[in-house]
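Chemist: Dumping the structure here so I can ask a few things about it.
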Amino acid sequence: MQFNVDKCKVMHFGKHNPEFKYVMANTQLVTVHEEKDLRILISDDLKPSSHCIIIIIIISYTKASRMLGLINRTLSTKQPSILLRLYISLVRPHLEYCSPAWSPKYVKDKELLERVQHRFTRFFKELRDLDYTE
C-alpha cells in the first residue's frame, strides 16, 4: 500500500518532546497541533477542550438549537411529557455524540453544554421564574 504523503502529518506529544522533523518520500511532513480523525478533534496536549468547543459551537448552537426551535414552532401543545420525549430523541443525541471520547471534565466545557439544556427548560412556563439549578 502506498501512502499519500500530502495527507500524512506529524503530531508531537509531551512537554519534553524534541519535535524531530520527519521525511517521507523526500517530502518533509507537516507538523500539526490539532487534527481531526473520525470527526473527533485530537490536540497535542490531549485535552478535550478544543473538541468540546467545536461540538458546542457547531453541533449545539446549530443542530441542537435548530431542533429546539423546530419543537417550539411546530407544537401547539406544550405538554411536558411530549416536550421531554422530543428533546430526548431529537436534541440530546447531538449533545452526546462521541461523549465517551471527549468526556467534558472541565467546568467551562460542562457549562457550554448546559446552555442548550437551559434553553430547553425555558419552554416550561412554570420553570421560567426559577433559577436554572433549581
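The values are calculated or read from the model by the stated rules, or taken from the named source; none is laboratory data. Bear in mind that the values here come from a model prediction, so they are computed numbers and not experimental data. Note that we place each Cβ from the backbone using ideal geometry, even for glycine, and neighbour counts take in every protein chain shown.
Chemist: Name every residue in region 1-10 that is assigned to a loop (DSSP other than H, G, I, E, B) and either touching a helix residue (DSSP H, G or I) at 6+ places or on another chain (Cβ under 9 Å) or surrounded by 13 or more Cβ atoms within 10 Å (Cβ to Cβ) (or both), in order of residue number.
Modeler: Cys8
Chemist: What are the residues in region 82-117 that are modelled with pLDDT under 70 and in a helix (DSSP H, G or I), if any?
Modeler: Ser99, Pro100, Ala101, Trp102, Asp109
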